[in-house]
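Q: Dropping the structure in here first, questions after.
The values are calculated or read from the model by the stated rules, or taken from the named source; none is laboratory data. For clarity, every value in this text was computed on a predicted model and none was experimentally measured. Here the Cβ positions follow ideal geometry from the backbone for every residue, glycine too, while neighbour counts run over all protein chains shown.
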Amino acid sequence: MSTRCNVGIYKKIDQRLKKPSVLLYKHSDGYPERMEPLLVDFCNKFDKTRGLDDTEYCAAQCLYHMMQKDGRNGVDGFGICGNLIQHVDISFYYAIYPDRLEIYDNKYKLIKTIDFKSK
């Protein structure tokens, strides 16, 4: 069975969790051991060049980054949720705010927060 996840990208630091500006989908390998280093690497680089609050470019580049790092030259299993509705069958949810990354389980219980601005 696949470990599905959503990645929400938020324009404002106080935006409600279930109201992302952009929502991405990854069909497999969405577990934190895989996604945390991938997203932290992406966020640190993108924040320096563009700023994580630039949600349109952030989403496009994040999706591209995930596809490149997938290891299967994958174009399958990735998507943009145009309706901004989180999938009900996800195992993990990753929230990229302008100042932090939050990792949640499938019940939206916070697992971990990585603060980008304190570094």
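Q: Of the residues L101, L39, which single one is part of a strand (DSSP E or B) and within 18 Å of N6 (Cβ to Cβ)? Talk me through it step by step, then tell me what you get.
A: Working: L39 fails: part of a strand (DSSP E or B).
On inspection, the qualifying residue turns out to be L101.
Q: So which of L84, L23, L39 is hydrophobic (A, V, I, L, M, F, W, C), in contact (Cβ under 8 Å) with a residue 40 or more places away in the chain, out of contact with any Asp or Glu (no Cβ under 8 Å at 6 or more places or on another chain) and on the phi > 0 side of the Ramachandran plot? Spell out how you get there, then give the answer.
A: Working: L23 fails: on the phi > 0 side of the Ramachandran plot; L39 fails: on the phi > 0 side of the Ramachandran plot.
One residue alone meets the criteria, L84.
Q: Still on this structure, I have one more. Just to be sure before I move on: is K112 over 13 Å from the mean Cα position of the chain (by Cα) and free of Cβ contacts under 8 Å to residues at least 24 places away in the same chain in the structure I sent? Talk me through it step by step, then tell me what you get.
A: On the way: over 13 Å from the mean Cα position of the chain (by Cα): yes; free of Cβ contacts under 8 Å to residues at least 24 places away in the same chain: no.
Criteria not met by K112.
Q: Looking at the structure I just gave you, is V40 of a type in the set (A, V, I, L, M), modelled with pLDDT of 95 or more and surrounded by 17 or more Cβ atoms within 10 Å (Cβ to Cβ)?
A: Numbers: of a type in the set (A, V, I, L, M): yes; modelled with pLDDT of 95 or more: yes; surrounded by 17 or more Cβ atoms within 10 Å (Cβ to Cβ): no.
Spelling it out, it is not the case that V40 is of a type in the set (A, V, I, L, M), modelled with pLDDT of 95 or more and surrounded by 17 or more Cβ atoms within 10 Å (Cβ to Cβ).
Q: Next up: Looking only at region 45-65, which residues are in contact with a His (Cβ under 9 Å, 6 or more places away or on another chain) and hydrophobic (A, V, I, L, M, F, W, C)?
A: Going residue by residue through region 45-65, those that are in contact with a His (Cβ under 9 Å, 6 or more places away or on another chain) are 45-46.
F46 - this is the single residue of region 45-65 that is in contact with a His (Cβ under 9 Å, 6 or more places away or on another chain) and hydrophobic (A, V, I, L, M, F, W, C).
Q: Quick check on my filter: what residues within region 75-96 are under 20 Å from Y64 (Cβ atoms) and part of a strand (DSSP E or B)?
A: The answer is F78, G79, I80, Y94, A95, I96.
Q: Let me ask something else. Give me the pairs: first residue in region 53-71 and on the phi > 0 side of the Ramachandran plot, second residue buried (at least 16 other Cβ atoms within 10 Å of the Cβ), beta-carbon distance under 9 Å, and six or more apart or on different chains, which are they?
A: Pairs found: G71/D29.
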